[in-house]
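S.K.: Got a structure for you, questions after.
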Amino acid sequence: RMADHIRLVTIKRGYDPRQFSLLVLGGAGPVHGAALAAEMGMVEVLVPEAPGVLAAFGLLAAAIEHHHARTLQARTDAADLRDVNGCLADLDSAGRARMREEGAPEREVRVAYAADMRYVGQAYELEVPLAAPVTRERVAEIVAAFHATHERVYGYARPHELVEFVNFRAVHTYPLPRPAVRPAVRASGALADACIGERRAYFGGYVPTTLYERTRLPLGARLAGPAIVEQDDTTTVIPPGVTALVDEVGNLRLRRDG
């Protein structure tokens, strides 16, 4: 279920979904967004202007990234830092080699390191950022960051227990030039001008539901549910008891009344 996947990236990582808005993408996201938000206790659903193609646009605009990892298991209090730093150097070499294949200017390539860590005896790890080279003083800082991450994710930490490294990771990034995005020209008439009809839709029972054309919605308009907003790449469903606001850049912001 979609709600279970939201829980995987929120509750199971120590985040309360009620403190976030739900950004919906794809052709189906705006159809189910309001119902998902209600199930998760989230107060707002954000529908961008072209959610059906937003992932494709993001692929074109996203930075080039290469991820590399290597296993090097060692207790933090006994790790050979020559081995650790040699591992990080190898990861850096591998990442930069891939970036050269991409034609990325080496001076503009950024690298971020992390370690998968756990308490000795645990069967699962947490990723903790780190800086290279790793010194004995930095090991103490990394261990403290692990305890803090464990506290945030699982609600407790055991600062007196032994901690171990399991894997080391490097992410090399080359940011591409950001495309210039201009909001689409928005209609300036009345909300009624965007109305394209009415039909009965099922919300626990069939009720009369107003239909709107997205491209004709004026900025600042408020759409009271039940309503359906149609556009080329998706359909946004606004259930009864939910109001959608067209914000200043054309996003639809759905909030439950009251």
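The values are calculated or read from the model by the stated rules, or taken from the named source; none is laboratory data. If you're wondering where the values come from, they're calculated on a predicted model, not measured in any experiment. Quick reminder, even Gly has a Cβ in these numbers, built from the backbone with ideal geometry, and neighbours come from all protein chains shown. Heavy atoms of the whole protein, side chains included, go into the accessibility calculation; ligands, DNA and RNA do not. Shrake-Rupley method; radii C 1.70, N 1.55, O 1.52, S 1.80 Å.
S.K.: Give just the number: which of (1) open to solvent by 70 Å² or more (accessible area, probe 1.4 Å); (2) part of a helix (DSSP H, G or I); (3) modelled with pLDDT under 95; (4) not aromatic (F, W, Y) does D90 not satisfy?
M.R.: (3)
S.K.: Scanning region 9-35 for residues that are open to solvent by less than 20 Å² (accessible area, probe 1.4 Å) and part of a helix (DSSP H, G or I), which turns out farthest from A227 (Cα to Cα)?
M.R.: P17
S.K.: Which of the residues belonging to region 113-135 are touching a residue at least 24 places away in the same chain (Cβ under 8 Å), open to solvent by 60 Å² or more (accessible area, probe 1.4 Å) and under 23 Å from H67 (Cβ atoms)?
M.R.: Those that are touching a residue at least 24 places away in the same chain (Cβ under 8 Å), open to solvent by 60 Å² or more (accessible area, probe 1.4 Å) and under 23 Å from H67 (Cβ atoms): E125, E127, P133.
S.K.: If I filter region 56-76 for residues that are assigned to a helix (DSSP H, G or I), modelled with pLDDT of 90 or more and either of a type in the set (A, V, I, L, M) or farther than 18 Å from P239 by Cβ (or both), do I get at least one hit?
M.R.: no
S.K.: Sort through R138, R158, R178, R182 and tell me the only one that's within 30 Å of A61 (Cα to Cα), open to solvent by 70 Å² or more (accessible area, probe 1.4 Å) and more than 22 Å from the chain's Cα centre (by Cα).
M.R.: After ruling out the rest, the residue left standing is R182.
S.K.: In region 126-219, which strands (runs of 3 or more DSSP E) lie fully inside it and hold 2 or more residues that are in contact with a Leu (Cβ under 9 Å, 6 or more places away or on another chain)?
M.R.: Those strands (runs of 3 or more DSSP E) span 163-174, 195-202, 206-213.
S.K.: Condition test on E164, is it open to solvent by 40 Å² or more (accessible area, probe 1.4 Å) and modelled with pLDDT of 95 or more?
M.R.: No, not satisfied.
S.K.: How many residues are buried (at least 16 other Cβ atoms within 10 Å of the Cβ) and on the phi > 0 side of the Ramachandran plot when one looks only at region 36-68?
M.R.: The qualifying residues number 0.
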